[in-house]
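The values are calculated or read from the model by the stated rules, or taken from the named source; none is laboratory data. Bear in mind the structure is a predicted one, so any value in this text is a computation, not a measurement. Backbone-built Cβ (ideal geometry, glycine too); neighbour counts: all protein chains shown. SASA here: full protein model, heavy atoms, side chains in, ligands and nucleic acids out. Shrake-Rupley method; radii C 1.70, N 1.55, O 1.52, S 1.80 Å.
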Number of protein chains: 2
Amino acid sequence: MNLSATEEQLMNFIWEKGTAFMKDILETYPEPKPATTTIATLLKRLTDKGALGFKTYGNSREYFPLYSKSEYFSGKVNHLIKNFFNDSPSQFASFFTKETNLSKEQLESLKSIIEDQIKSKKL
Amino acid sequence: MNLSATEEQLMNFIWEKGTAFMKDILETYPEPKPATTTIATLLKRLTDKGALGFKTYGNSREYFPLYSKSEYFSGKVNHLIKNFFNDSPSQFASFFTKETNLSKEQLESLKSIIEDQIKSKKL
DNA sequence: TTATTTATTCTACATTTGTAGAACAAACTC
DNA sequence: GAGTTTGTTCTACAAATGTAGAATAAATAA
């Protein structure tokens with residue numbers, strides 16, 4: 001469940017797209033594109049560590065995630081809060097809203113998301 | 001400005017404490033404690049990469065951070081949002097409030113933090 | 001059906017990360 | 001002042017990471 005920086009980037013593309021072939025992946029990289037074998041290595045490592053599965057079609061494979069982006073980032077954010085924000089989600093939230101320089105509109109929309117969450121807790 | 005996992009942990013201690021000597025650092029690690037030289041290596045690497053400074057006292061040094069915890073995590077969170085949450089802080093916030101399982105009280109307190117931020121934007 | 005393209009595996013190698021021994025010097029203990 | 005402790009530098013080494021060549025096999029284009 002732990003990904004390196006380049007693996008994370010590759011996973012993100014597959015998470016967004018749902019499934020992907022080598023071909024699709026290569027397309028997303030800007031020039032100078034990495035060697036095909038570089039991507040192949042990453043895909044193999046991700047498969048070995050249980051992050052990706054695949055379905056074979058002829059000489060190529062359709063890769064798909066074995067866990068979701070939410071599951072992954074949930075772990076990451078929780079780790080962050082636990083280890084660096086005193087195990088306090090509110091402390092983190094407060095830090096976050098200050099540091100990300102949200103516009104008034106974004107803050108308003110965030111406020112209503114939170115109001116919804118509060119409502120759903122009441123049920 | 002980029003720290004590895006163990007470096008991050010060490011920095012966090014120094015951020016919390018303000019400044020620290022080797023001695024203080026070693027104390028924080030649970031048994032089995034790492035070798036002194038292990039910590040020394042980390043301190044040297046952090047010094048080399050501009051994360052720590054120090055003041056010499058006899059044979060030892062008082063280390064201090066050259067940038068704050070906020071600065072560091074601000075970078076991290078912004079990177080996270082930019083690369084994995086579609087450059088949308090609200091998207092991230094929404095994800096965050098759902099995934100961290102905040103209590104009603106925490107949500108209420110978060111709401112008031114946001115209301116304060118909204119107010120301060122109005123000025 | 002032969003040449004070309006595409007995807008995969010295997011091997012390789014430099015860099016970064018995690019961990020620590022050897023050697024040494026300053027400081028503290030008797 | 002000799003022995004022990006503490007902190008540093010230098011060296012080392014395994015594992016993880018980023019990157020890719022060589023070889024090969026399947027698919028495709030001419």
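Things worth noting here:
- Among the conditions (1) within 16 Å of DNA strand D (Cβ to nearest atom); (2) closer than 29 Å to B:Lys17 by Cα, the only one that B:Phe84 does not satisfy is (2).
- Filter result (within 13 Å of another protein chain (Cβ to nearest Cβ) and open to solvent by 80 Å² or more (accessible area, probe 1.4 Å)) within the stretch B:6-60: B:Gln9, B:Glu16
- B:Met1 vs. criteria more than 11 Å from DNA strand D (Cβ to nearest atom), under 16 Å from the mean Cα position of the chain (by Cα) and surrounded by 15 or more Cβ atoms within 10 Å (Cβ to Cβ): no
- Scanning the stretch B:5-35 for residues that are more than 9 Å from DNA strand D (Cβ to nearest atom) and in a loop (DSSP other than H, G, I, E, B) returns B:Gly18, B:Thr19, B:Tyr29, B:Pro30, B:Glu31, B:Pro32, B:Lys33, B:Pro34.
- Put simply, of B:Leu102, B:Leu80 the only residue that is aliphatic (A, V, I, L, M), surrounded by 14 or more Cβ atoms within 10 Å (Cβ to Cβ) and more than 7 Å from chain A (Cβ to nearest Cβ) is B:Leu80.
- Residues in the stretch A:25-43 that are touching a strand residue (DSSP E or B) at 6+ places or on another chain (Cβ under 9 Å) and near DNA strand C (Cβ under 8 Å from one of its atoms): 1 in all.
- Among the residues of the stretch B:79-97, those identified as closer than 12 Å to A:Leu110 by Cα and not aliphatic (A, V, I, L, M) are B:Ser88, B:Pro89, B:Ser90, B:Gln91, B:Phe92, B:Ser94, B:Phe95, B:Phe96, B:Thr97.
- Yes/no for A:Gln91 being more than 8 Å from chain B (Cβ to nearest Cβ) and either of a type outside the set (A, V, I, L, M) or out of contact with any Leu (no Cβ under 8 Å at 6 or more places or on another chain) (or both): yes
- In the stretch B:61-70, the residues that are at pLDDT 95 or above and either open to solvent by less than 60 Å² (accessible area, probe 1.4 Å) or within 14 Å of chain A (Cβ to nearest Cβ) (or both): B:Glu62, B:Tyr63, B:Pro65, B:Tyr67, B:Ser68, B:Lys69
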